[in-house]
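A.B. asks: Please find one structure pasted underneath; my questions will follow.
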There are 2 protein chains.
Amino acid sequence: MLHRYKLLISYDGTHYAGWQNQPHDVTIQSLIENALSSILKEKIHIFGAGRTDSGVHALAQVAHFTLAQPLPLKEQRLFAALNGLLPHDIRILDVKEVSPLFHAQKSATRKIYHYHLWLQRPISPFYRLYRHYPYEKINLEILKQAAACFTGTKDFTTFANSSQEGSASKNAVRTIFRLDVVEQEGGVRLEFEGNGFLYKMVRNIVGTLLDVASGKRSLDEIERLFLAKDRRLASMAAPARGLFLVNVDYPENLLNSPYAKK
Amino acid sequence: MLHRYKLLISYDGTHYAGWQNQPHDVTIQSLIENALSSILKEKIHIFGAGRTDSGVHALAQVAHFTLAQPLPLKEQRLFAALNGLLPHDIRILDVKEVSPLFHAQKSATRKIYHYHLWLQRPISPFYRLYRHYPYEKINLEILKQAAACFTGTKDFTTFANSSQEGSASKNAVRTIFRLDVVEQEGGVRLEFEGNGFLYKMVRNIVGTLLDVASGKRSLDEIERLFLAKDRRLASMAAPARGLFLVNVDYPENLLNSPYAKK
């Protein structure tokens, strides 16, 4: 019987080449796999809920791995041992056995990303790695109106890059349930909640929102961008440093282990 | 007529050998002096309100410099030019002409320092450079009782290191108006407000508070420590990373330039 374990992970993405394993770079996935393999004394492969790019942060990334036998130590012990081996900018928040049918990416039903903007001068030294600080003056009223154009079920082809493997999703229809502009210290955060996000979709949308809110593009252009289905027409992606993966939701029944004592 | 200018400065102290110039290290003072000297085309020396140690941060450090002539450019322009030259972990928040009698250190009447503790497991990756996370379990009730023992006007000899130049203040009597334990995300912050602080005094007090709140020392020992006037009896200084210089107050009349138009 297979045993599947869910990891909850927080990381500062500043110093890494993103989540996903790369041939010549240090990634968050590779460091966690190395730590797990070293503790469990077998080669462990983990699957993440979302492949965050270089410089993107996570408050609660989710990943899973599978063992042919039950974990040879308590989940709490694995949690402490992993944090003992990992650098301090990557922290395991939780380890939990789940259903063997659980898949960190494929089972996800809802994700939340936050994109943080610092709109004062100068940028706080303490937020320099965690906020985008656009040089243009941003009109918050127009930013809110522009954000409202992105909610609902739409074809996001214009706002998706093809991934590094060239495997752009054929179906680019996604639903954004909520895109809220929330004021906070130094500026605002954009809260994206959706059923799924295409490669670079959040950063491409933020880039376009900022062009509209700074007056470089008009509000009406957004509708035309959706209809054109052409990535070359959207604005440049906003920088990675402002983006945080905040939450991933799963169906309740997949979050329980079938081996758990009743 | 001399012209004196007050700088308000925020910095992340992680990567610096503290505020004060050192022969072989990069310090915050030296970087700001270099930037000022380069813009004003003369050798500028600045005086800081407090010499923060390596790894200590500042939300609002104050410094001053003096010119024989009025500033050859607008204060707003100098502000922008300095931030253009300085690294992003040091930001000038304000430049303002003040009274020629103003002195960043000697005129200060009141200072606020915050010391931040993370008391959960694990430490958040985003706070790893800005919080101390003690390994011992901290009893918050005892921490508050211990903190109350440090307020008032006392001789803080036991809690002061002699400075690097060996010039320990002869008079170690200081007044702490307030030492509050304030709950915040992940733990608490200790808010110190006083008329002045001796070298390493805040970190030495925090080290002693943590020893008491973790049960290594008893509450009654604090009174005996004050009476002994012996630095060797107090606990080890708490780490630099948790400490922030938050505010420095001055008499109102020194904050105005005598040359300002009425």
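A.B. asks: Just tell me how shielded B:55-62 is by partners: mean number of partner chain Cβ atoms within 10 Å of each residue's Cβ, no decimals. Show your work: numbers first, answer last.
C.D. replies: Values: counts 0, 0, 2, 1, 3, 0, 0, 0.
Across the residues of B:55-62, the mean count of other-chain Cβ atoms within 10 Å is 1.
A.B. asks: Something else about it: Could you tally the net charge around A:T27, taking each other residue with its Cβ under 14 Å from the Cβ of A:T27, Lys/Arg +1 and Asp/Glu -1?
C.D. replies: On the way: positive: A:R51; negative: A:D12, A:D25, A:E33, A:D53, A:D89.
Residues close to A:T27 contribute a combined charge of -4.
A.B. asks: Kirkwood Rh over alpha-carbon pairs of region A:1-154, then Stokes-Einstein at 37 °C and 0.692 mPa s: what D in µm² s⁻¹, rounded to an integer?
C.D. replies: Details: Rh = 17.6 Å.
Roughly 186 µm²/s, to the nearest whole number.
A.B. asks: Provide the gained length on full extension for the span A:R77 to A:S162, in nm with one decimal, where the gain is 0.36 nm per separating residue minus the Cα-Cα distance. Could you put the intermediate results ahead of the total?
C.D. replies: Values: separation 85, 0.36 × 85 = 30.60 nm, distance 4.00 nm.
Result: 26.6 nm gained on full extension.
A.B. asks: Shielding of A:78-85 by partners, i.e. mean partner chain Cβ atoms within 10 Å per residue? Numbers along the way, then the final one.
C.D. replies: Values: counts 0, 2, 2, 0, 1, 3, 0, 0.
Mean shielding count: 1.
A.B. asks: Which of the lysines could a cross-linker bridge to A:K170, judged by Cα under 25 Å and excluding same-chain residues fewer than eight apart?
C.D. replies: A:K106, A:K111, A:K154, A:K200, A:K229
A.B. asks: Using a label point 7 Å beyond Cα on the Cα-Cβ vector, give me the inter-copy distances for A:M236 in nanometres, one decimal, shortest first.
C.D. replies: Once sorted, the set of distances for A:M236 reads 4.7 nm.
A.B. asks: Please list, ordered by chain and number, the residues whose modelled amide H lies under 5 Å from the amide H of B:Y133; skip anything fewer than 5 residues away on the same chain.
C.D. replies: Here B:W118 satisfy the definition.
A.B. asks: Give me the orientation-averaged projected area of the Cα convex hull of the protein assembly as shown, in nm², one decimal. Kindly include the intermediate steps, with their values, before the conclusion.
C.D. replies: On the way: hull surface 121.8 nm².
Convex hull of Cα atoms, orientation-averaged projection: 30.5 nm².
A.B. asks: To continue, here is another question. Divide, for region B:62-137, the radius of gyration over alpha carbons by 2.2 N^0.38 Å, where N is the residue count.
C.D. replies: Working: Rg = 18.8 Å, N = 76, 2.2 N^0.38 = 11.4 Å.
Compared with the compact-globule rule of thumb, region B:62-137 sits at 1.65.
A.B. asks: Let me ask something else. Output wanted: per-residue J couplings in Hz (rounded whole) for region A:12-23, from phi through Karplus 6.51 cos²θ - 1.76 cosθ + 1.60, θ = phi - 60°, x for Gly and Pro.
C.D. replies: Each residue of region A:12-23 in turn: 8, x, 3, 9, 10, 7, x, 6, 7, 3, 10, x Hz.
A.B. asks: Tell me the label-point distance for the pair A:E183, B:N21, using the 7 Å Cα-to-Cβ offset, in nm and rounded to one decimal.
C.D. replies: Here the answer is 4.4 nm between the modelled labels.
A.B. asks: Quick one: what are the phi-derived ³J(HN,Hα) couplings along region A:55-66, Karplus 6.51/-1.76/1.60 with θ = phi - 60°, whole Hz, x for glycine and proline?
C.D. replies: Result, ordered by residue: x, 7, 9, 9, 7, 7, 6, 10, 9, 9, 9, 10 Hz.
A.B. asks: Moving to a separate point now. Eigenvalues of the Cα gyration tensor times 5, then square-rooted: what semi-axes does that give for region B:97-173, in whole angstrom, largest first? Can you show the working numbers first?
C.D. replies: Numbers: eigenvalues 197, 79, 42 Å².
Calculated on Cα positions only, the semi-axes equal 31, 20, 14 Å.
A.B. asks: Inside 10 Å of the C-beta atoms of A:126-138, what's the mean count of C-beta atoms belonging to other chains? Before the final figure, lay out each step's value.
C.D. replies: Details: counts 12, 3, 5, 4, 1, 0, 0, 1, 0, 0, 0, 0, 0.
Average neighbour count from other chains, rounded to a whole number: 2.
A.B. asks: List the residues, sorted by chain then number, that are 5 or more residues from B:S235 or on another chain and whose placed amide H is less than 5 Å from its amide H.
C.D. replies: It is B:T208, by chain and number.
A.B. asks: Something else now. If you take the beta carbon distance between B:A68 and B:T109 as r and set R0 to 22 Å, what does 1/(1 + (r/R0)^6) give as a FRET efficiency, to the nearest 0.05?
C.D. replies: On the way: r = 28 Å, r/R0 = 1.28.
After rounding, the FRET efficiency stands at 0.20.
A.B. asks: Quick check: pseudo-label points 7 Å beyond the Cα along Cα→Cβ at B:S214 and A:H88, how many nm apart are they?
C.D. replies: According to this spin-label approximation, the distance is 1.5 nm.
A.B. asks: With a sphere of radius 11 Å drawn around the Cβ of A:L67, what net charge do the other residues whose Cβ falls strictly inside it have (Lys, Arg +1; Asp, Glu -1)?
C.D. replies: On the way: positive: A:R4; negative: A:E42, A:E97.
My count for the surroundings of A:L67 gives -1.
A.B. asks: Same structure again: Using the Cα centre as the reference, give the magnitude of the dipole from point charges on the C-beta atoms of region A:83-239 (Lys, Arg: +1; Asp, Glu: -1; all else neutral), rounded to the nearest 20 debye. Please report the intermediate quantities before stating the final value.
C.D. replies: Values: 23 positive and 17 negative charges, 58 e Å.
The dipole magnitude comes to about 280 debye.
A.B. asks: Take the Cα atoms of chain A, build their convex hull, and give its volume per residue in Å³. Before the final figure, lay out the partial values.
C.D. replies: Details: hull volume 37.3 nm³, N = 262.
Convex hull of Cα atoms, per residue: 142 Å³.
A.B. asks: Next question, about the same structure. Based solely on its DSSP helices, what 222 nm [θ] is calculated for chain B when runs of n ≥ 4 H residues each add -39,500 (n - 2.57) and the sum is averaged over all residues, nearest 500 deg cm²/dmol?
C.D. replies: Numbers: 5 runs with 54 residues, N = 262.
Dividing the helical sum by the residues of chain B leaves -6000 deg cm²/dmol.
A.B. asks: What residues qualify as long-range amide H neighbours of B:D94, i.e. H under 5 Å apart, gap of 5 or more or another chain, H built at 1.01 Å from N?
C.D. replies: Those qualifying (amide H under 5 Å, at least 5 residues apart or on another chain) are B:L8.
A.B. asks: Hey, another quick one. Count neighbours as other Cβ atoms within 10 Å of each site's Cβ, and list the GluC sites (Glu not before Pro) in region B:143-221 that are DSSP loop with at most 13 such neighbours.
C.D. replies: Values: sites: B:E165, B:E183, B:E185, B:E191, B:E193, B:E221; in loops: B:E165, B:E185.
For GluC sites (Glu not before Pro) across region B:143-221 that sit outside H, G, I, E and B with at most 13 neighbouring Cβ atoms in 10 Å, the list reads B:E165, B:E185.
A.B. asks: Let me ask you something else. Lysines near A:K43 by alpha-carbon distance under 21 Å, same-chain residues fewer than 8 away left out - which ones?
C.D. replies: Filter leaves A:K6, A:K74, A:K96.
A.B. asks: Using only Cα atoms and rounding to the nearest 10 degrees, what angle (0 to 90) does helix A:75-85 make with the longest principal axis of chain A?
C.D. replies: So the inclination is approximately 70 degrees.
A.B. asks: Could I ask something else about it? With no solvent and one equal point scatterer placed on each C-alpha of region A:133-262, evaluate the Debye formula and give log10 I(q)/I(0) for q = 0.10, 0.13, 0.17 Å⁻¹, two decimals.
C.D. replies: These q points yield log10 I(q)/I(0) values of -0.36, -0.57, -0.91.
None of the figures in this text is laboratory data; all of them are computed from the coordinates on show. These numbers come from a predicted model, not from an experiment. Note that we place each Cβ from the backbone using ideal geometry, even for glycine, and neighbour counts take in every protein chain shown.
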